[in-house]
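Values quoted throughout were computed directly from the atomic coordinates according to the rules given, and no laboratory measurement underlies them. None of the values given here were measured: they were computed from a predicted structure. For neighbour counting, all protein chains shown are included, and Cβ atoms are generated from backbone atoms with ideal geometry for every residue, glycine included.
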Amino acid sequence: MTIPGLWEKFSEYGIEDQRLPIRVYARQFYKEKARHLRVGIDVYQWIFELTQVPSQYKGDVASIRDDKVILNFCSRIRELIKLHISFVFVFDGRYKTHKRRWGDVLYTDDDYYVEYLETNEEIQQSGLYDEPGAKIVYLIKNLLHLWNISYVQAPGEAEIELARLNDCGVIDAIISNDADGFVYGAQIILKNFSRWVADAPATQANIDRQEPEFYVTPYRMSKIEEVLGLDRDRMVFLTCINGSDFSQGISGLGITRCIALAQVGSKIESAIDFAEELKQIYVAVGKEKLLGLVPFSKNERDKKLSNLNKLLQESLARNSKTYFGRKFNGTVSFPSDYYFMIHFYPYLCPEIYAFRKYETNCVDSHPSTIRLSTLPQPNSLKLHDESIKLRRRGSLWTTVHDSRPSEDALQGDESTVAWFEKPNFREMCDIRLPVQRSTRDFLVEHLAECYMLRVIHNLDYFKNAEIFVNMYKKAQFPLKRRADEYYVPIWSEEQYQVKYNRELVFGRFLKEGELYDENYRLIDHSEQKLDSTWVPKYLLELSSHGRRLIEQYEIKATEKKSPRKSPRKSPKKSPKRQLSTLDNLLRSPIKRKLDPGKERSQSSSPLKSKPNLSYESADEDSDILESPTKRRSRLDVDVSGLRTSLFKSPDTKQNTPTIDLTTPPKEVKDTVEKNLQNTSVLFLDTTDDETDKLENDIEMFFKK
């Protein structure tokens, strides 16, 4: 259902609250009410959103497979579980009024009240069972059954049943994109449950990058009444004359004029209140209203409706400029009595839904309050002198009073362990999901993450699981992106990072996993890498186990920050000079060893000095070759006496000449002066006679 143009008018008048992440809305609700948020969801709307893939072209959508819808449906459920939000799903039923968008609607003037009584009697006797429908509906109901998630099968429109639950206080808000809920008593509607920061539905084309968080836009009936002066009775009048899925309304008016006519008597002063006049035709007074008793017969209603139509026409002729700001000369014609009755007397479930302790969709056992709905509900109540009993889920009865709300205690006596023992997770592993791995591996990862708060609440039940707080941060929303030049966070939330082993936490509730890896080695889950998830601080502090984990983390964090005496360190050594390739030339194994007893001065660059080609004696016991790696740390390399096995080792006792390539020129000259007779030195600028003498010395050396 929908009311054309109503959302746009609400936005124009600033009715909506600030769009925000649903985790922020849930936290604000908890701080205000001291209990967790409870929401109701129209399943068919989620199915529609998840089966329509937004295209790059405006208005174009493409359908996707059922298994992909189930996967995305599971993702939304996990988000609600992770945030500790209680929820209930409502399905449409068979008793739905034909809608205009389904095809041509023939004008009917039947007596709706006769049909209303007969249908309620049928619902009372036969009850409401799962309706046959599309395959995707069957798959979703099967998923909810395996997951131990209760739901409501409405007789007609799901949004009407959700509005009744919100009106009587069973749920705190409705996740829906239809404004019709306000016509049937809804108090808060969370519009556009999607990952868009902008107020856009999930089927919206890509106007921006999606966020990791789900956002909602709250609309409150109290603000609608405050700003526009429209209560539920005036919303019914507005819907009937503007048109909806059921009828076209009064042609030629439009949503702006219809709102103005609905305001006559509240925001617009007038002697005639059209909405109040319409209510007196169709709604009885007192307990007769709750029992669904119509004050007038159809003929009487037709006459009164015709008189009201004439009264409206005459008033527009005189006061249209006051109502609309301009003259209106059109003709108004009400739809038939049948379509007015549809909005005043919808079909409702004979049992009002009630949360049961520790079902998957129920978070805690805190009692709420329940009150009478403004809708007629003859199948759901019994009247007594001073009280009224409401028929609840499971044929239980709750006593309420007209003047004040009553406490609504949760049903059941289960413990919190039921969150893990009641669902049939093993059969859930057989559901086909479009993932690259097995459904079992997919579930063990994501269920362990979304159930972490519930696991911590039952930490004694998970003694063997390694769970601890690892980190703290203050998360900011919306998420900062690299492309954001000017980023200003709007909301923040304190969070703790909880580390855990997914297999040790949730593996036992699923089918047995693989025993061996791809290398046929036995898998030891205790040695697997730990997973992590971020948990809101205010939720972690709710349980004693959570507070203990926080204390342990803070103790460790304090120990890390506390000053410690550093151990005594050895004196800082001067860094070694980095060697170059020229330095390594002296370490080559093909060089001859120098005399170990003879000191050799170092040269930063041997090529800059003249080589000393003098002969020097070598020890007989010295090694022929020596690996350069063994002497890499030495800067002074003794290459005296270096030789090959082709020649006889020189006699160390004799004064044999040697060729010195390493001694700097200055030292060479000193050596020549001291031992000029026994040493021949070759410089780069020596004369021919000196060269000849050196050659003779070398020849004599080899002859010896």
Could you derive backbone 3J(HN,Hα) for segment 380-390 from the dihedral phi with the Karplus parameters 6.51, -1.76 and 1.60 (θ = phi - 60°), listing whole Hz in sequence and x where the residue is Gly or Pro? 10, 8, 10, 9, 10, 4, 10, 9, 10, 9, 9
Rounded to the nearest whole number, the per residue volume of the convex hull around the C-alpha atoms of segment 146-256 in Å³ is 161 Å³
Gain in span if fully extended, R318 to D364, counting 0.36 nm per residue against the direct Cα distance: 10.7 nm
Averaged over every viewing direction, what's the projected area of the C-alpha convex hull for segment 330-451? Give it in nm², one decimal, please. 14.8 nm²
Would you list S580, S176 from fewest to most Cβ contacts within 10 Å? S580, S176
Karplus-derived 3J(HN,Hα), 6.51/-1.76/1.60, for each residue of segment 12-28, Hz, glycine and proline x: 5, 8, x, 6, 6, 7, 5, 5, 8, x, 5, 5, 6, 5, 5, 5, 4
Just want the ordering: H457, H384, from fewest to most Cβ atoms lying within 10 Å of their own Cβ. H384, H457
Stretched fully, the stretch from M700 through E118 gains (0.36 nm per residue minus C-alpha distance, one decimal, in nm) 195.9 nm
Radius of gyration, Dmax [segment 192-311; alpha carbons; angstrom]: 19.1, 58
How large is ³J(HN,Hα), in whole Hz, for each residue of segment 267-277 in order, when computed from phi with the Karplus curve 6.51 cos²θ - 1.76 cosθ + 1.60 and θ = phi - 60°, using x for Gly and Pro? 7, 10, 6, 7, 6, 10, 10, 5, 5, 5, 4
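Please arrange L162, L348 by how many other C-beta atoms lie within 10 Å of their C-beta, fewest to most.
L348, L162
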When N is the residue count of segment 255-318, what does its C-alpha Rg come to as a fraction of 2.2 N^0.38 Å? 1.25
What FRET efficiency would be calculated for the residue pair N142, L291, taking the C-beta separation as r and a Förster radius of 45 Å, to the nearest 0.05? 0.75
Please work out how much length the chain gains when fully extended from D17 to D524, using 0.36 nm per residue of separation minus the C-alpha to C-alpha distance, in nm with one decimal. 177.4 nm
If r is the Cβ-Cβ distance from S415 to D110 and R0 is 60 Å, what FRET efficiency results, to the nearest 0.05? 0.70
Starting with the highest mean, order 188-196, 311-319 by the number of other Cβ atoms within 10 Å, averaged over the residues of each peptide. 188-196, 311-319
Take the Cα of D302, step 7 Å along the line toward its Cβ, and report every residue of segment 321-349 whose backbone nitrogen sits under 11 Å from that point. 337-338
Estimate the FRET efficiency between R65 and A198 by the formula 1/(1 + (r/R0)^6), using the beta-carbon distance for r and 22 Å for R0, to the nearest 0.05. 0.20
